[in-house]
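Comments concern the structure below.
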Amino acid sequence: MTTVEGSASVTAQEATTTPIASQGARIGEAIASVIEGKPEAIRLALVVLLAEGHLLIEDVPGVGKTMLAKSLARALDCTVRRIQFTPDLLPSDITGVSVFDQESRQFEFRPGAVFANVVIGDEINRASPKTQSALLEAMEEQQVTVDGSTYPLATPFMVVATQNPIEMEGTYPLPEAQRDRFMARLSMGYPERNAEIEMLSAQGAGRPLDDIVPVSKAADVAELIEQVRTVHVSPEVHRYAVEVVTASRRHADLRLGASPRATLHLVRAAKSSAALEGRDYVIPDDVRTLAVPVLSHRLLLTAEAQIARRTSSSVVESILDSVAIPGG
């Protein structure tokens, strides 16, 4: 299970009284009213949201992947579109299509499901690689190009995708370029016993998701994102992030290390995490805490490492142990 270690539950009482921390706490509380006993997952979702990233939620069916995505979307007063990925889904269903208008005698663009502030991609790895790749430009450049014309997407823009483990029936592996565009990956894991009992009580009496009241507007989130960009990162922390990523490129258990985009995502996520803690500066622990969820899904293990049952998460943890912490 991928978690953000050392992160406490996001509550209004615990958050430092800064606009970002207090607003993040309100969004987190709204999500927590539906997602029982998963404060680390909720916090990581908030980190990715304010870092202008995209989130990949991977786990077995029935553990609340889609519920977390929908809860995050419901907590924000913004446009939301859901895409159910299936083998017959076409790229134009995602990006949109140009249709010839008989009256005007011109082609008219009809936007696809990607034109929203929050796009929920349910079971993204059940669609073909060709359809999955329709999201590449949108996720990286926040725009869509159809028939030679480019259309900008709304701000904020976030893709929250769920996927089942690749060994399950009817799934396609996500291309490396697609995985690299997700800022972080998390696994929900099974709930704790008490949390599952509370879930039975809450779900049995109704639908908690319907009771979520939006606590933040799209414009407010866009403003918070701008504030996160101003969080200070020292040269030492920059160097530490680069050293961690560089170590993945020469690790004996990996045939593909993390990309420069991964370094950028790691620093952006660290800035968002610092802001949610009420700080206007990043410390090495921010980078260290987020390294596993930000880096592990981008790495490819060697055949020998797979036979030895190593995981990409354990490799990242070994890298963190080998790289000196600034000031440590």
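Quantify, in whole percent, the carbon and sulfur part of the accessible surface of the range 61-127 (1.4 Å probe; protein heavy atoms only).
So the carbon and sulfur contribution to the accessible surface is 49 percent.
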(message) Given the options 124, 319, 89, identify the residue whose Cα lies farthest towards the positive end of the charge dipole of the chain (+1 on Cβ of Lys, Arg; -1 on Cβ of Asp, Glu).
(response) 319
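Let me make sure I get this right: for the range 161-296, a, b and c are the square roots of the gyration tensor eigenvalues over alpha carbons, sorted descending. Under 1.5 in a/c it's rounded, otherwise prolate if a/b > b/c, else oblate. Which is it?
oblate
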(message) Is there a quick way to get the dipole size of the chain? I mean about its Cα centre, with the Cβ of Lys and Arg at +1 and of Asp and Glu at -1; what is the value in debye to the nearest 20?
(response) 420 debye
(request) Give the accessible surface of the chain per residue, rounded to a whole number of Å², with probe radius 1.4 Å and ligands, DNA and RNA excluded. (result) 47 Å²
(request) Run down the lysines and flag those whose C-alpha is under 23 Å from the C-alpha of residue 271, throwing out any fewer than 8 positions away in its chain. (result) 38, 217
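What order, most packed first, do the peptides 292-299, 23-30 have when packing is the mean number of other Cβ atoms within 10 Å of each residue?
292-299, 23-30
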(request) Express the carbon and sulfur contribution to the solvent-accessible surface of the range 166-286 as a percent, rounded to the nearest whole number, probe 1.4 angstrom. (result) 52 percent
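Run lengths n ≥ 4 of DSSP H only: what is the helix-derived mean residue ellipticity at 222 nm for the chain, with -39500 (n - 2.57) per run over all residues, to the nearest 500?
My calculation for the chain gives -13000 deg cm²/dmol from helical runs alone.
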(message) I'd like the distance separating the alpha-carbon centroids of the range 238-302 and the range 111-189, in whole Å.
(response) 21 Å
(request) Count the net charge of all other residues whose Cβ sits under 14 Å from the Cβ of residue 208, scoring Lys and Arg as +1 and Asp and Glu as -1. (result) -1
(request) Considering only DSSP beta bridges where both residues belong to the chain, give the percentage that are antiparallel (nearest 5). (result) 40 percent
(request) Taking semi-axes √(5λ) of the Cα gyration tensor in Å as the quantity of interest, determine which of [x] 30, 25, 22; [y] 38, 23, 20; [z] 34, 24, 19 was computed from the displayed structure. (result) [x]
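The values are calculated or read from the model by the stated rules, or taken from the named source; none is laboratory data. Remember, it's a predicted structure, so these values are computed and weren't measured experimentally. Cβ coordinates were reconstructed from backbone atoms using ideal geometry, including for glycine residues, and neighbour counts include every protein chain displayed. All accessible areas refer to the heavy atoms of the entire protein, side chains included, with ligands and DNA or RNA removed. Shrake-Rupley method; radii C 1.70, N 1.55, O 1.52, S 1.80 Å.
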